[in-house]
Amino acid sequence: MGAEPAPRREVVTGAPGTGRPTRTGIAHARESGHDDAAVRQLMRRQLRIGLAACSLLALPLGLLPVVFRLLPPGDTSQGAAWLLLGLAPYPVLLATGAWYIRRAERNEGDVTGR
């Protein structure tokens, strides 16, 4: 009999206020005290904690080959090496990541006043 109606088309544009900052958003940020000096200071602080996090990771993970070299040869040392490779890095990675996130959020909160 009659043709079925075409399905209705809808366009989803997303929630208002999301996406890239506009010129008015940048102007508002400057009016509220977020000037270039504050942004540069935030970037320096973030770079400093990023380098500290890399150092905290590089030191213990970089010493693993030295520990492997110091292990006596044999079957037990191979098991210990696999345990060190499989278990030792993860607590260090998790602790360093948690520390970095707390510091980065604190730095951003200092700038934004949160």
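The values are calculated or read from the model by the stated rules, or taken from the named source; none is laboratory data. All values derive from a computational prediction rather than experimental measurement. We place every Cβ from the backbone using ideal geometry, glycine too, and count neighbours over all the protein chains shown. These area figures cover heavy atoms from the full protein model, side chains too; ligands, DNA and RNA do not enter into them. Shrake-Rupley method; radii C 1.70, N 1.55, O 1.52, S 1.80 Å.
Tabulated values for the structure
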item	result
Paramagnetic reach from GLN46 (point 7 Å along Cα→Cβ, amide N under 18 Å) across segment 72-114	97-114
Cα gyration tensor category, rounded, prolate or oblate, for segment 52-110 with a/c compared to 1.5	prolate
For segment 75-114 and segment 45-63, distance of Cα centres in Å	10
FRET efficiency estimate (nearest 0.05) - Cβ-Cβ, ALA58 to THR112, R0 35 angstrom	0.70
Charged-residue dipole, Cβ positions (Lys, Arg, Asp, Glu), segment 29-106 about Cα centre, Debye nearest 20	240
Accessible area (Å², 1.4 Å probe, nearest 10) - LEU93	70
For segment 65-73, 3J(HN,Hα) per residue [Karplus equation, 6.51 cos²θ - 1.76 cosθ + 1.60, θ = phi - 60°, Hz, x = Gly/Pro]	x, 5, 5, 5, 5, 7, 5, x, x
Note, ³J(HN,Hα) from phi for segment 91-96, Karplus 6.51, -1.76, 1.60, rounded to Hz, x at Gly and Pro	x, 5, 4, 5, 5, 5
